[in-house]
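Let me begin by presenting the structure, written as C-alpha cells, before commenting on it.
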Amino acid sequence: MEVHHHPDIHHKTKKWKEYLLEGFMIFVAVTMGFFAESYHVHLVNKEIEKRNIESFINNIQKDSTNIAITINFCKEKIKSIDSLCKIPGEFTDSSFQNKFIHYALKLGVITLYQPDESAFLQMQSSGTLRLIKRQNITDSILKYQSFNQKLKLQQGFINNYYQSALDNLMQIVDGRALVNQNIPLKLNGNNQQIHNYINYKITESLATETYIGFLKKQLHGINNMTLFLKKEYDID
C-alpha cells in the first residue's frame, strides 16, 4: 500500500515586524505615487500657465501696434477740427462752405482702439487664471484689463459727440450730393445746426485729447509689462 504525503497547508504566523514592514512599504508606495501624480499635475499646470502668458503677451503686443495707429489718427483728427474752427468768413460764404464741407467729410470717419482680450477671456472662462500663483503678475494683468475698461468709457464719450455732430451735419447738407454729382454739395443755411456741429466737434476734440493721454499711458504700461512677463517666464 502506498503512503501519500500531503503538503503542509498551515502557514507560519508572521512576526509583527513583518506586518509592520509590509504596511510601511505600502504606505511608501502610495505616498510616492501621490507625490508623482502631484508633480505631474504641477508640471502640466506650469506649462498651461506659460502658454497662457505667451498668448497674453502676443495680444498686448498687437494692442501696442493698434494703440500707436489710433494715437496718430486722433492727432490728425484734432488738427482737422482745429482747422474747421478757424475757417474764416460767414456761414453763407461759398469759400466757408467749401472748406466746411471738406473738413466735415474728412471728419466723417471715426477710428477707436479695440484691445485684443482673447487670451485674458480664455484664461478667465477656463479658470486657468488661478494657475498664476504670483500675485504681482495677476495684479498687473487685472490692472491692464481694468484700464482697458477706462479707455472704453472714454471712447463712449467720443462716440456720443461724434454721433451728435453727425446728426446735425445730416440736417444741413443734402445727402444726395454724396452719390449724385449733378447735385451741388452745399449747406442749407441753417446756421444753428452749423453752430451745433462745430460745437460738438470741439467737444469731441477735447475728449480725444484726454483719450490720447490714456492711450499713451496704456502703451507705456504694455512696454513695461511685456518686459516683466518675458523675464518672469523666461520667454524670448
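The values are calculated or read from the model by the stated rules, or taken from the named source; none is laboratory data. Because the structure is predicted, anything quoted here is derived from the model rather than measured. Cβ placement follows ideal geometry from the backbone for every residue including glycine, while neighbour counts extend to all protein chains displayed.
Apart from one condition, LEU206 fits all of (1) at pLDDT 95 or above; (2) in contact with a helix residue (DSSP H, G or I) (Cβ under 7 Å, 6 or more places away or on another chain); the exception is (2).
The set of residues from the range 51-99 being charged (D, E, K, R), surrounded by 13 or more Cβ atoms within 10 Å (Cβ to Cβ) and not in a helix (DSSP H, G or I) comprises just one member, ASP93. Close contacts from the range 74-96, counting a first residue that is within 20 Å of LEU112 (Cβ to Cβ) and a second that is assigned to a loop (DSSP other than H, G, I, E, B) and of a type outside the set (A, V, I, L, M), with Cβ to Cβ under 9 Å and a gap of 6+ residues or different chains, come to CYS74/THR111; LYS77/THR111. Selection of the range 153-202 for residues being assigned to a loop (DSSP other than H, G, I, E, B), of a type outside the set (S, T, N, Q) and out of contact with any Phe, Trp or Tyr (no Cβ under 9 Å at 6 or more places or on another chain) yields MET170, ASP174, VAL179, ILE183, PRO184, LEU185, LYS186. Is there any pair linking a residue in the range 106-130 that is within 26 Å of SER80 (Cβ to Cβ) and in contact (Cβ under 8 Å) with a residue 40 or more places away in the chain to one that is surrounded by 13 or more Cβ atoms within 10 Å (Cβ to Cβ) and of a type in the set (Gly, Ala, Ser), with Cβ under 9 Å and at least six apart or on different chains, and which? These pairs meet every condition: LEU107/SER80; LEU107/ALA165.
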